[in-house]
Structures are given as structure tokens and as C-alpha cells.
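So the structure is just underneath, and the comments pick up after that.
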Amino acid sequence: MIKQLWQKRLTTHLRTQSKYLRLVFNEYFLLALIFLIGAIGYWYAQGLQQIKPHTWWCLPLALLILALVVGCFSLVTLIEAADLTFLLAQEKQFRSYLKQARNYSLILPTGALILSCFFVTPLLALGGQFTPGKVVCLALGLLVCEAAILTNAISACYGSQAWGLIIEKWLGLVIFLGVSAYCSVILGLVGTILWLIGSEKRRRRASQQVLQWQYLLNQENQRSYRVKRFYNLFTDVPDLNSKVVRRSWLDWCLKPIKLKSENTYLYLLARGFLRNSEYSNLYARLLVIELCLAAAMHNALFLSLIMSLFLYLVEFQLVPLYRHYDHHPLLQIYPLTSGQKKVNFQKLLTNLLTVQWLLGGIVVVIFQNSLSAIGLPLVISGIVGIILVMWVLPRQLQKLKHS
């Protein structure tokens, strides 16, 4: 029964992920992603040509990237709230369920490690004289580390000290990478195998204890929430509950808005944007990513594409804010028109895109060293921003009105 339960939930999980991934990787995003990968690849290749062999920071940087890749994954259990009641009597049989969950949780890290090792191989070769064979052994060792970390995650579900296992996770990664880079990669691989054996013995001992169902559910909810937050960058996720925070320290942003009747929606929507983490955090994340890419790239065409793409992403993701107060009862009796709402929302989005464009322009001016590399991205992204606000946004709002 437990095995069938895992297979059923895995099928449902994969179907759900497939649905969201089709929405994320649509033709427009794939086209932008191809250009983005090309831009990063071009910048990376140009940068590698300027790095001399035995440069001291190449090896630590590559190891840091690999450690972060291994550390960012977690155990996928697909636990539901009802399990705390209906599966409590089958706790012993649930051990096989967690083993299957661990095996499934290794699939995505394996792919990510292969791509990451391929990406940092030039840095490993420049900084540590790594041969292809050493890189393969390093990748195998990291995969064993991931298996040990996921095994420890199962032990934590039975009451093992979670903080101690987190410390062990990062300490084990640091020791393995340090030994592999500065001593012997074979010795590091043997050490990770011993770590996995020890983790497996701990899991067997811990599984004799009482399963901490609430801890297990909380961990799965946190993991699922992070995934849904990513999907929410591209489409609406019905089960995602956003957090509302007062953020009084941002009240100065609302002071330029004159408290007049025609600005009612402008004030409400601006306040909703600042308080609702779904919109404000999304805007902040996309802005930081854009500024980092703008600082790293030195090709005017690619930089123009990046700035324009992120203006589009911000505009597209903030459109649902237009309906944020649709079901507020007081707005149904207040003498306001839909035309005022449309104008106010357009004004708010214009201000947000202008701030984004100005900050991007400041970064471009600081990090670019030629007039063409500064002027072309600013002009093209500015034109794209105007098109988005004046032409694309009204049509999106019209579709929302009829949906």
C-alpha cells in the first residue's frame, strides 16, 4: 500500500510540475533564455581568455559554486496534512516511502551537478590543474555527499538534531572539497563514501524512534512553497498564499501621492504593492538579478536585451495587482470608475518601470566603459518600457476585464 501511495503521489506531482513547466518555458521565455545563455556563454568565454593559469581565486570560486549547488536541494517527500491522521498507524511501513522519496530527490541534483561541473571545469583546470578524470571523481563525490545529506534529512524526521545535521552537511562539504582540491580527489571520494555509510547507519537507528510527522509536514510545505514561488514568477499559482507586512519604513514612497479622489486607486495599489510580499519581493528579486547581469555584461546588444527582458518580466508579473482590490466591499460603494483605476494602475506601473530603468542605467554607467555600451541599452530599453506601458499594458487590462 505504501509503495502504491508513493507511485500515485509521484504521478500526480510530475503531472503538476509538467503543467507549470509548460507555462514557464513558453516560446517567448525560451527565446529569451536562448539569448541569455548565449550572452552568459560569450561573457564567460571572454573572461576565461583573460585569466592566467594558477590564478588563486579560480579554484575557491569553482568549489563555492559546487557547494552551493549541492546545498540548495532538499528531500522531496510529497507529504500531505491528512497523513498525520490516516498514516499514523502505518508508521513502520513508512520507512520504505521515505527511501523512495530519497531516491527520487537525487534525480534533480544529479542533473544540476553534471551541468555545474561542466560549467566550472575551466575554472578547475586554471586554478587547480584538474584533469577530466579528476572532475568526474569530484562530481561522483559530490553526488555521494548529496545522498548522505538526504539520508541525514530522513534521520531528522525521526527526531535527530536538525541543527547538528545542518552543521554536519556544510562541514562535510567543506572537508570533501578541501581534500579533493588540495590533497587527493580519490581520498575525498573515499571519505564521502564513509560519510554515506555512517549516515545510513544513523538513519537505521533513528528509524526505530517515533516519526515526527509535524516536522516532516513543515519541511515539505517549505520546500513546496519555494517551488511555487518560482512558478509564480511566470504564472498564477492558486495554492500560493502571500504574506502581508506593514513595512512602515517604506511610507515615504507614498508621500508624493496627493490625497485626492482621483488618486484613490493609485494610493491603494501602491500600498498593496508595498505590503504584499508576492509583488514587492518579486519586483526586488527581478531588479537585483537585472542589476547583477548588467554589471557583469559588456556587450551592448546583449545588455539591451537583458534590460528590455526584465522590464517585460516586471510588467507582466505585476499585471495581477490590478485586480488586487476587486472584492473589497467598500470599493463597490465608493464613487470610483474603472477608468480611474486603469489610469492609476498605468501610472503606478510607469513609476515602477522608471525606477527599474533608472537603477539599471546607473549600473550601466558605472560598469560600462564606452559611450555605445551606455547609450544603446538605455535607449532600446527605454523604448521597450514606453511600448509596454502605452501599448501592451492597456491590452492586457482589457483582457483582464473580460476574463
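Readers should treat all values here as calculations from the given coordinates under stated rules, not as data from a laboratory. Nothing here was measured: the structure is a model prediction, and the numbers come from that model. A quick note on method: Cβ atoms are made from the backbone with ideal geometry, for glycine too, and the neighbour counts reach across all protein chains shown.
When Rg and Dmax are taken over the Cα atoms of region 2-231, they come to 19.9, 63 Å.
Using a ≥ b ≥ c from the Cα gyration tensor of region 70-172 (square roots of the eigenvalues), is it rounded, prolate or oblate, where a/c under 1.5 gives rounded and otherwise the larger of a/b and b/c decides, a/b for prolate?
Prolate.
For the chain, a crude dipole built from +1 on the beta carbon of Lys and Arg and -1 on the beta carbon of Asp and Glu, taken about the Cα centre, is about 800 debye to the nearest 20.
Applying 0.36 nm per residue to the separation of Leu88 and Lys52 and subtracting their alpha-carbon distance, the gain on full extension is 7.0 nm. Against the set (i) 180; (ii) 224; (iii) 133, the structure's computed volume of the Cα convex hull per residue in Å³ falls on (i). Computed extension gain for Leu10 through Gln398, at 0.36 nm per residue and net of the alpha carbon distance, reaches 135.8 nm. Cut-off 19 Å, label point 7 angstrom out along Cα-to-Cβ of Val210: give me the residues of region 84-106 whose amide nitrogen falls inside. The answer is 84-95. What does the C-alpha gyration tensor say about the overall shape of region 254-397? Classify as rounded when a/c is under 1.5, otherwise prolate if a/b is larger than b/c, or oblate. Because a/c hits 1.5 or more and a/b exceeds b/c, region 254-397 counts as prolate. Note on region 2-231: Lys pairs 8 or more places apart or on different chains, Cα atoms under 20 Å apart, count 10. The packing ranking, built from the mean of other Cβ atoms within 10 Å per residue, places the peptides 12-21, 173-182 in the order 173-182, 12-21, highest first.
Charge tally for Met1 (other residues, Cβ to Cβ under 14 Å; Lys, Arg +1; Asp, Glu -1): +3. Residue separation of Leu36 and Thr131 scaled by 0.36 nm, minus their Cα-Cα distance, works out to 31.3 nm of gained length. Determine, from the Cβ-Cβ distance of Arg275 and Ala295 and an R0 of 35 Å, the FRET efficiency 1/(1 + (r/R0)^6), rounded to the nearest 0.05. The value I calculate is 0.70.
For Thr12, what charge total do you get from the other residues with a beta carbon under 13 Å from its beta carbon, if Lys and Arg give +1 and Asp and Glu give -1? Computed value for this residue: +3.
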